1. Kirkwood Rh, Cα Rg: Rg to Rh for region C:178-318?
2. Most exposed first by the Cβ proxy, i.e. fewest other Cβ within 10 Å, how do B:GLU192, C:GLU305, C:GLU108, C:GLU211 rank?
3. Got a sec? Which residues in region B:129-172 would a label at B:ARG82 touch, if it sits 7 Å along Cα→Cβ and we count backbone N under 17 Å?
4. With 10 angstrom as the radius, rank C:VAL46, C:VAL337, A:VAL105 by how many other C-beta atoms surround their C-beta, starting from the fewest.
5. Return, ordered by residue number, the residues of region C:328-358 whose backbone nitrogen is under 17 Å from a label point located 7 Å along Cα→Cβ of A:TYR159.
6. Whole angstrom only: what separates the Cα centroid of region C:263-338 from the Cα centroid of region C:345-374?
7. Across 10 Å bins from 0, what is the distribution of all Cα-Cα pair distances for region C:282-376, in whole percents?
8. Charges at C-beta only: +1 for Lys and Arg, -1 for Asp and Glu. How large is the resulting dipole of the protein assembly as shown about its Cα centre, in Debye rounded to 20?
Amino acid sequence: MPDATGLELLAQEIGKHEPDAVLDTIYFRERGTILVDPAHVRAVMDVLRDAGYRFLSSVHGVDYYPDEPRLGVLYELLDMESLDRLTVKLRVDTGAPEVDSVVDVFPTANFQEREIYDMFGVVFRGHPELRRILMPEDYEGFPQRRDFPVGGEPVIFTYNQNKVPHYTE
Amino acid sequence: MEVTREPASEFRSRQLRARDMLRGDLEGAELERYVHERVITTTLDRAVSWARGNSIMPATFGLACCAIEMMSMVASRADIARFGYEAFRATPRQADLLILSGRVSIKMAPIVRRIYDQMLEPKWAIAMGACASSTGVFNNYSVVPADKFMPVDVHVPGCPPRPEALVHGVLRLRSMILGDPKLGWRERYGAEGTEEVVGPVAERESGPGADAENVFGPGDTAGA
Amino acid sequence: MSTPPRIRDRPEDIDLAPAGQQLEAAPEEQLLTINFGPVHPSTHGVLRLLVTLEGEVVRDLSPIMGYLHTGIEKTCEDKSYWKVIPVIERMDYLAYYFNAMAFCGAVEGLLGLEVPKRAQYLRVIHLELNRIMSHMVWLGTGGLELGAISIFWYAFRDKETILDLFEMSSGQRMHTRYFQVGGVIEDIPPGFEEKVRAFCAEMPRRVDQIEAILARNEIMLQRLRHTGVADERTLLGHGVTGPLLRAAGNPWDLRKAAPYSSYEDFDFRIPVGTVGDNYDRFRVRLAEVRESVRIVEQALDGLPEGPFMVEDRKVALPPRHELGTSMEALIHHFKLVTEGYRVPPGELYYAIEGPRGELGCFVRADGSGKPARVHMRDPSFVNLQAFRDMVADGYVADLIATMAMLDPVLGGVDR
């Protein structure tokens, strides 16, 4: 894991290639996170891949409701030679949830970006086939957003069994 | 193993009537009733139910964790081959038992229904585990309890149920089958009128399918 | 008049070129798209494949998932932290201890907890036993798909022994919720250690028996050698880890690279393949079973005395005997059972080495008693992306063999 100074140096190196890309760096529990501007994420990924972070472990989305901007996409990068993990974070809001896809930099992002689209509604520009992966194709809504209800069946106890339709017929 | 025993008094009265028959003492209405009972209870139906119950062929239908325990049931420790049920059939056309082992998601439900429809009568279904019977641990937007879209004969509780519990459930089903069941599931559940009729037959005025409700409309399973 | 020679005797009718070449010379190419599954006897669960075939050769493949999607991640947001553990265990249903370990590791990282040494060793014992059990189920079902049906019973016999051990330590065969945040839920009972040692003494001989049946079997060699080959660079690009990557020659294993839960105390080797074909994957997994047995033996030998759960009463339940004497213990117990503990705000991604690859858990805590986001990075989901590259331009029969050796668990793919 890069320590705090290593994280700052990395952020500076990204800043040399892509000015204004890095918005913030966070060092928490010995793991570094770089908050980037969504418009520059592909270039940042290129820089990081050249810096040695050649393995993308995971791409996942988070809904930061009620903080704005709501939707976050996190990329967990791994440098296998020096055993470093790094998180790249970006945040978009639901009004314009568009991010460039990193599939041509890291092919592993294919299914994972589809899952983020399916669950949160983040549209990845340049993705070869951006369609729903876990929910049925014609499903409406983005289930893992915080304002989407969990749903489910009413649990039937004796006190409400007469109110649940068709149960006691 | 389920053994149904008659109460002792009934057995005694049957013994006495058989003794009277042999002596030639039964006559009239009693004689007719005696003959009627014997003919019904030893009729072909009972023999066929016996054969059906002892040779159930489950469909290979494993969904999630319960499927692992279902495989354990097939394996050597809790061995269902001793009951004759080891012949799992891959195609639903040849299977007569559907063991829903695992959570049925909303994308999978139409497909399960389609598999169940492809099975030929008589057919039975066991909802194995908590997720198939109710939604189990996962009471949310994407899991559907099996009773919502298909008729289930036996529910086996557990998460996952032990292989012995599933064997108990299968043997319960066996006693149901041996006990002279109504073979069509629509008769068993009073579900006349739910036949799926598609196409020009649906515009008929009378005859089978006249007042059927279509279970699936065109395009319903397109998203699956 | 002599009879004309039969077709097979005429040299001009015998074509020894491989099937792909013969098809290239065919006058028209017809591509047929077939649907495999989701209900199919040889899909490892409800996986649907859209396979484009040219004769018997696979040209393209597209997996369609979601038939087992259970909304686990959304359900976890609704439950307090220790209620998440039974839900998250049911994700990858063959590696339930691993799911719980990833989640507990993430929450322990957020809380800043130090798990006691005895709990770490107990966790390692159960994790490695679970790895052996997962590989046995892989072996049994893989053998079914390849046609080696007897192996199903041999492998499941060992699986039953391991499930007996789990039942002894926690009361449940599967989904035991034995791992809790801060340690394990209770100590191992007396008699457990002898049974595990008996199992460890027996298991290498069982693996020898299985290898004697399968590893030099002509049919297995013909079906698995040089089929489903994917080179290391493609696999790394697709994010594949675990036995698939190790079979391709890369010895990446998180137990050695970034040791967690006292794995650095144990001496074990990482089996690595050379070619990256199905046979290598088969041999790598069997060798991993042997190494796991060694780890379990070492963990039992070195099992330290001490608490099996962290002492911090704000997080872990106090032991029952304290509830009768200490008022604070009673209050802690009450608060923990009714509300649960709170985790200070933060985000953490914690990765462990599962039987199929890197199993990671991302937890975002917002200071309340329920997690704000739980995401499991499941290895089967990511490994499935490489499936197409493994089977393209191979036969359909090799597709089945590759899927058997790929070992996807659809619970993890769909979550």
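1. Ratio value, two decimals: 1.07.
2. Starting with the residue having the fewest Cβ neighbours, the order is C:GLU305, B:GLU192, C:GLU211, C:GLU108.
3. Counting only backbone N, you get B:162-172.
4. Values: C:VAL46 29, C:VAL337 11, A:VAL105 20.
Going from least to most buried by this count: C:VAL337, A:VAL105, C:VAL46.
5. Once the point is set 7 Å along Cα→Cβ of A:TYR159, nothing inside region C:328-358 turns out to lie under 17 Å by backbone N.
6. If we compute the Cα centre of each part, the gap is 18 Å.
7. 13, 24, 28, 26, 8, 1
8. The dipole of the protein assembly as shown has a size of about 2160 debye.
Rule-based calculations on the coordinates, nothing more; no lab input. Fair warning: this is a prediction, and the values are worked out from it, not measured in the lab. FYI the Cβ positions are ideal-geometry reconstructions off the backbone, even for glycines, and counts take in every protein chain you see.
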